[in-house]
Amino acid sequence: MSPKSECLYCQHLPVLDELMIKIADLGVSQLFLFKEQSHPGRCNVVYKDHGVEFHELTDEQRNAFMADVSRVGKAIQKAFNPDKINYGAFADTLSHLHMHIVPKYQGGYNFGGVIEMNPKKTYLTEEQYKETIEKIKANL
């Protein structure tokens with residue numbers, strides 16, 4: 001487990017900017033767009049505090065975090081109309097609660113399969129990133 005001093009989210013390490021673009025601050029979290037867009041609209045909702053396991057949240061904290069996750073899911077659905085949205089909280093080596101929001105499209109990349117963390121296949125232009133972020137923001 002990574003200490004706070006090595007956390008890419010808490011310390012805003014350079015790797016964070018290599019992987020994601022910050023979209024917005026939410027109720028108890030931050031929203032980031034993955035630069036790798038094999039799943040158009042894929043985002044990450046990152047909880048405000050470091051070192052928190054999901055089961056350690058109070059009911060109030062959990063409900064607030066899940067409200068942020070739900071808000072992003074609704075925005076992704078409105079903005080991109082995916083056939084399915086997958087949600088995943090993966091953090092074997094990173095001690096920071098976050099939820100992957102992965103829109104899936106029938107006939108699209110890896111539909112019906114398990115998501116890859118970073119397939120390194122699809123990157124956008126700066127203008128396309130801006131358009132994607134604006135679509136999401138407009139629906140938050």
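Read the figures in this text as sums done on the coordinates, not as results from a lab. Here the structure is a predicted model, which means the values were calculated and not measured. Here the Cβ positions follow ideal geometry from the backbone for every residue, glycine too, while neighbour counts run over all protein chains shown.
In the distance distribution for the stretch 1-80, Cα-Cα pairs more than 18 Å apart total 46 percent.
Listed by chain and number, the aspartates and glutamates whose C-alpha is less than 17 Å from the C-alpha of K35, apart from same-chain residues fewer than 8 away, are D17, E18, E116, E126, E127, E131, E134.
The H on the amide N of A89, modeled in the peptide plane, is under 5 Å from the matching H of H100, each at least 5 residues off or on a different chain.
Remark: M66, M117, M20 ranked as M117, M66, M20, counting other beta-carbon atoms within 10 Å and listing the fewest first.
Placing unit charges on C-beta atoms (Lys and Arg positive, Asp and Glu negative, everything else neutral), compute the dipole magnitude of the chain about its Cα centre in debye, rounded to 20.
Result for the chain is approximately 480 debye, rounded to the nearest 20.
Entry note, the chain: the mean residue ellipticity at 222 nm calculated from DSSP H runs of n ≥ 4, each adding -39500 (n - 2.57), is -9500 deg cm²/dmol after division by the residues and rounding to the nearest 500.
As a footprinting exposure proxy, order S38, S70 by other Cβ within 10 Å, with the fewest listed first. It would help to have the intermediate numbers written out before the result.
On the way: S38 18, S70 12.
Taking fewest neighbouring Cβ atoms as first place, the list is S70, S38.
Please report D25, D59 as a ranked list, fewest other C-beta atoms within 10 angstrom at the top and most at the bottom. Write down the numbers at each step before the final one.
Details: D25 11, D59 7.
Lowest count first: D59, D25.
Helix 59-80 and the longest principal axis of the Cα set of the chain meet at an angle near 10°. In a simple Cβ point-charge model (Lys, Arg +1; Asp, Glu -1; nothing else charged), the stretch 66-112 has a dipole of about 220 debye relative to its Cα centre.
For the chain, the longest principal axis of the alpha carbon atoms and the long axis of helix 126-139 meet at an angle near 70°.
Roughly what percent of Cα-Cα pairs across the chain reach past 18 Å? Write down the numbers at each step before the final one.
Details: 5320 of 9730 pairs.
Percentage above 18 Å: 55.
Using C-alpha pairs under 8 Å with a sequence gap of at least 6, the mean separation divided by the residue count of the stretch 4-139 gives a relative contact order of 28 percent.
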